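I have placed the structure first, in the form of structure tokens, so that the comments after it can refer back to it.
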Amino acid sequence: GIGSLWADPQPGGQALARLLGPNRATLLAGLDAPATTTDLAHRHGLAPSSVSAHLSVLRDAGLLRSRRDGLRVLYERTPLGTALAEGR
């Protein structure tokens, strides 16, 4: 049934990567705690501009939210983003 639509038979998030693309899937799955664009760029070996573009798409899709913390902008998953990242 449709309940297994997002189920990934193999570890590593292949279904999520096919849906979102590998970089967006990696960023979404890796946001277990709030992080900045720079943190995510260093963590995943991507250019900050590329990470920023991916985060904007994920935020516009309702999978992430951003909030200001002083001079920094932190990104975190929404409940929908968490459900998708965890395959629920």
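Residue check: is residue 78 more than 19 Å from residue 22 (Cα to Cα) and either open to solvent by less than 60 Å² (accessible area, probe 1.4 Å) or not hydrophobic (A, V, I, L, M, F, W, C) (or both)?
Judged against the criteria, residue 78 is a match.
Which condition number in (1) touching a residue at least 24 places away in the same chain (Cβ under 8 Å); (2) closer than 15 Å to residue 84 by Cβ is the one that residue 59 fails?
(1)
Within segment 9-22, track down each residue that is open to solvent by less than 50 Å² (accessible area, probe 1.4 Å) and at pLDDT below 80.
Initially, segment 9-22 is screened for residues open to solvent by less than 50 Å² (accessible area, probe 1.4 Å), giving 13, 15-17, 20-21.
Answer for segment 9-22, where residues must be open to solvent by less than 50 Å² (accessible area, probe 1.4 Å) and at pLDDT below 80: just 13.
Could you identify the single residue in 41, 53, 25 that is buried (at least 17 other Cβ atoms within 10 Å of the Cβ) and over 17 Å from residue 84 (Cβ atoms)?
Selected residue: 41, the only one of 41, 53, 25 that is buried (at least 17 other Cβ atoms within 10 Å of the Cβ) and over 17 Å from residue 84 (Cβ atoms).
Please go through segment 45-62 and give me each residue that is in a helix (DSSP H, G or I), in contact with a helix residue (DSSP H, G or I) (Cβ under 6 Å, 6 or more places away or on another chain) and not aliphatic (A, V, I, L, M), ordered by number.
Once the filter is applied, which keeps residues that are in a helix (DSSP H, G or I), in contact with a helix residue (DSSP H, G or I) (Cβ under 6 Å, 6 or more places away or on another chain) and not aliphatic (A, V, I, L, M), segment 45-62 yields 48, 52, 54.
The values are calculated or read from the model by the stated rules, or taken from the named source; none is laboratory data. Predicted model only: the values in this text are computed from it and were never measured. A quick note on method: Cβ atoms are made from the backbone with ideal geometry, for glycine too, and the neighbour counts reach across all protein chains shown. These accessible areas exclude ligands, DNA and RNA; they are computed on the full protein's heavy atoms, side chains included. Shrake-Rupley method; radii C 1.70, N 1.55, O 1.52, S 1.80 Å.
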